[in-house]
Structures are given as structure tokens and as C-alpha cells.
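Asker: What follows is a structure written as C-alpha cells; I'll ask about it next.
Please treat every number below as a calculation from the coordinates, not as lab data. On a predicted model such as this, the values are computed, not experimentally measured, just so you know. All Cβ positions, glycine included, derive from the backbone under ideal geometry; neighbour counts span all protein chains shown.
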């Protein structure tokens, strides 16, 4: 911006006074003294243009009373004053999440998102609060967020509706410029800007109409210098300070989860026992002489403790389970028993003291 432009009254780009100065009056809260003291110092620093000090004091206020929406909004204002748009967007978003619906917070959040190139989010919040926002502010914010024709429509309707002020006229002139209607922009700008400065004003707007100049447009509007911004400090994240309702719900869930875990463990153990019982019932009775032989084989070739492979014998034996055993991975005992080589013994077994055969079952 030229030196001449600085000497002329700032009529163009006029949003509400609170939006430009971002000093939030009435932020007095019932917080603890450290929070209120830091809040007052942050406000004073913003009014004096000391952005770094304002950020320092506002962060201290938030740490002292993290779920206070006004503290979060003031922190966002301090970040805006310092040209830190990423941190400002986060802080204003936190304030909205905590219930702050003040027009200054809504508009500042939309501007911060616009400066980051997040036009869709900026337009979403502007549409959500359409009914309560001043037409002059909303129209210009829409134009800055990539919808200059909508901005022209809103501002033109406000002008025709009786809101014939310098603020509305110059915001409309800028919206005309962003939409590419330079003739209308010049005519409207001339309503309030001296004739010898109109061309300079139009040239300044022309430099800001590039598609990639979204951050420059917002910075010029707020008269701030964009700086490197890593975002809001992690220790200030709203997620670190859950509400009382959330903490109560989490505590109740933590109290229930161990009981559920025990019940699941017991269910798994019972399922394993039931599977072994079913396997025992389905397995066919072996001939006495083969049972004795099988038991001898089992003793002779009993696996060492390091071997986890199960052996198939005529009498079902519960094998020792390995340490990494998972019940969900076991195949059903009934299917395993039906596929073993011992199943035909049910149809061919004979008693040593009988003279005929009985079929005990067919599977």
C-alpha cells in the first residue's frame, strides 16, 4: 500500500470496527484471577498494536481457563494481529465449538479460513450465520472467499434496502473489482474516494485480484503482515481439556470395560470346554485291546514340553495349549472328529465276548 493511501481515510474494505481492531470488549469472566489478569493485558496489548505481547498474554489466559470461549476468541484476535492465520483459524474455531456465536468471532473465523485458501469452510460458516451477520460484513467476506458475485448481490441489496453508508458503498466497489466489473468498481469508489485517488485505489485492487493472492487480500484488509505460522501450540489444543460430561462418560466406560473383558474371557473358556465335551461325545468307542495299545503308544511317544503338535488317539486327550493360543482360531471339534481316521471304528467295533455286531451309530 502506498504512502498516499495510508494518508487517506480508510473507507474501503471497512468491516465492523471490532473486526479490524479485534479488541473484544466485554470479555470479563468469572475465571480465576490469573486468567482475568492475563486477559486484560492481552486486550491492552492488542489495542496498542503489540501483537507479540498480546499473543503471550492471551495464551496464558487460555491455559488458565481453557474452556472459556471468550478467552479462545481473544487468542484468535491476537493471532490475527500477529498475522498468524493458521493459529487464528484454530482458536476462533475452538471458540465457536465452545458456544461463542458473536458476529466478530464468526467473521474473524471466516477471514482466517479465507487467508488459508479454505474458501469452502469460510462460505459454510458465513451461510450458517447468514441471519445474524451484518450485510456489509457478510457481502465483503463472501467476495473475499471466492464468491464476488454473491458479495455484489448481498451488498447491492443492502444498499437498495436503505443501508446507504460509505462502508457498504466501498465494500461494494471492492466486490465489483473482485468480480471483474472495473467500470462499476470505479464509479462506486468515486462516491467516497477523492477523484485524484480513485485510479490509485483501482490499481491497488487490480494487484489483489490474482487467484493466488487470497492471503494478501485478507492481510491488506486487516492491515497486518503475514508471518510464518506453525499453528496453535499443542498444549493449548481444546482436545486436551475435555468437558465434565465427557470425563464422566469416559469414567463410566472405563468402569464397565473390565467387567466386559472378564465376561468375554469366561465365554471363551466355556466355549473351549464345550468343544472338548462335544469332541468326546462324538468320538467312537474303541476296542479294548486297541485302547490299551493306543495308550502305550501315547506314553512312549508323548511330546516333550517344547512340542505343541497334538496327536490323534482313539481316546480324546486334551492337549496342553501353547502360550499364543487364540480360541477364535480353533476349528470346531465336531468337524475335526468327523474327519479323523478313527470314525469308522464306530461301525466296525465288536465286543470280545459277543457273537454278533451292532451298529451304534452312523454319521
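Asker: Rounded to a whole number of µm²/s, how large is the Stokes-Einstein D of region 3-241 at 37 °C and 0.692 mPa s, given Rh as the Kirkwood radius over C-alpha pairs? Numbers along the way, then the final one.
Answerer: Values: Rh = 18.1 Å.
This corresponds to a translational diffusion coefficient of 181 µm²/s.
Asker: Further, regarding this structure: Per residue, how big is the convex hull of region 25-126 when only Cα atoms are used? Give it in Å³.
Answerer: Dividing the Cα hull volume of region 25-126 by its residues yields 78 Å³.
Asker: Need the C-alpha centroid separation for region 172-248 versus region 91-123, integer Å.
Answerer: The distance from the Cα centre of region 172-248 to that of region 91-123 comes to 13 Å.
Asker: Also, I was wondering about something else. So what is the relative contact order of region 50-135, in percent, for Cα pairs below 8 Å that sit 6 or more residues apart?
Answerer: Once divided by the residue count of region 50-135, the mean separation gives 22 percent.
Asker: Can you tell me, using C-alpha contacts under 8 Å and at least 6 residues apart, the relative contact order of region 3-241 as a whole percent?
Answerer: Relative contact order comes out at 21 percent.
Asker: Right, another one. List 187, 55 from most exposed to least, where exposure is judged by having the fewest other Cβ atoms within 10 Å.
Answerer: 187, 55
Asker: At what distance in nm do the modelled label points of residue 223 and residue 241 sit from each other, each positioned 7 Å from its Cα along Cα→Cβ?
Answerer: 3.1 nm
Asker: Can I ask one more? What is the fewest-to-most order of 47, 204 by other Cβ atoms lying within 10 Å of their Cβ?
Answerer: 47, 204
Asker: OK, next. Considering Cα pairs under 8 angstrom that are at least six residues apart, work out the relative contact order of region 114-188 and quote it in whole percent.
Answerer: Reported relative contact order: 24 percent.
Asker: For 202, 46, which order do you get if you count the other beta carbons within 10 Å of each Cβ and list the fewest first?
Answerer: 202, 46
Asker: Let me ask something else. With a ≥ b ≥ c taken as the square roots of the eigenvalues of the C-alpha gyration tensor of region 130-229, please select rounded if a/c is under 1.5 and otherwise prolate if a/b is larger than b/c or oblate if it is not?
Answerer: Cα axes put region 130-229 in the oblate bin.
Asker: Figure the gain on full extension for residue 253 and residue 97 (residue separation times 0.36 nm, minus the Cα-Cα span) and round it to one decimal in nm.
Answerer: Details: separation 156, 0.36 × 156 = 56.16 nm, distance 2.41 nm.
Full-extension gain reported as 53.7 nm.
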